[in-house]
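Reading through the structure tokens given below for one structure.
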Amino acid sequence: MRILGLDPGLRHTGWGVVDKTGHRLTFVAAGSVDTDAARSLAERLVQLHDGIERVIADFGPDEAAVEETFVNRNPTSTLKLGQARGIALLVPAQAGLPVAEYTPNQVKKTVVGSGHAAKEQIQMMVRTLLPGARIPGADAADALAVAICHAHQRPVASVLAAGGRR
């Protein structure tokens, strides 16, 4: 199964693709969709849409996972992040992919073992779990962490959805 992880942001939306075969994870690709701050909000959302659409077309994931938004102190920033997150949810759903959502604490706890891990710890564990991965930045590392979280949490969610039956 191929999993696309997305870490939404209006300036940079990180993306990471991993393959899961049994219990083994393999790095496929990672990067970010960047928007032009000089453009209008609507144009930037289109840039995110088109960039995520290209990633899906290029790598053909089977499922997607998106990190949930945390609330900033600045309500305007929170709203813009929410709009970027909406695009990150919409595009994979439009492509017919199942889309899961995970809180930042779920991602950190799954990848690092602590829900309050620092970004550096997450990046180190992503590199450990995906040897040889070429990670171009923090946004891509976070997106790979979301994909890893989904790879580990998905079997649990499937059992729970089936009412505890395997």
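Taken together, the values in this text are just the output of simple stated rules run on the coordinates, not laboratory data. All values reported here derive from a predicted model rather than from experimental measurement. Cβ sites come from the backbone with ideal geometry, for glycine too, and all protein chains shown count toward neighbours.
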> When region 1-52 is examined, which residues are found to be closer than 13 Å to D142 by Cβ and aromatic (F, W, Y)?
Replying inline: W15
>> For a quick check of your reading of the model, give me the residue pairs whose first member lies in region 1-27 and is farther than 18 Å from L41 by Cα, whose second is of a type in the set (S, T, N, Q) and surrounded by fewer than 17 Cβ atoms within 10 Å (Cβ to Cβ), with beta-carbon atoms closer than 9 Å and at least 6 apart or on different chains.
In response: M1/T21; V18/T26; D19/T26; K20/T26
>> Filter region 28-45 down to the residues that are surrounded by 24 or more Cβ atoms within 10 Å (Cβ to Cβ) and free of Cβ contacts under 8 Å to residues at least 40 places away in the same chain and list them by number.
In response: V33
>> Between T21, T78, which is more than 13 Å from the chain's Cα centre (by Cα), among the hydroxyl-bearing types (S, T, Y) and closer than 18 Å to H150 by Cβ?
In response: T21
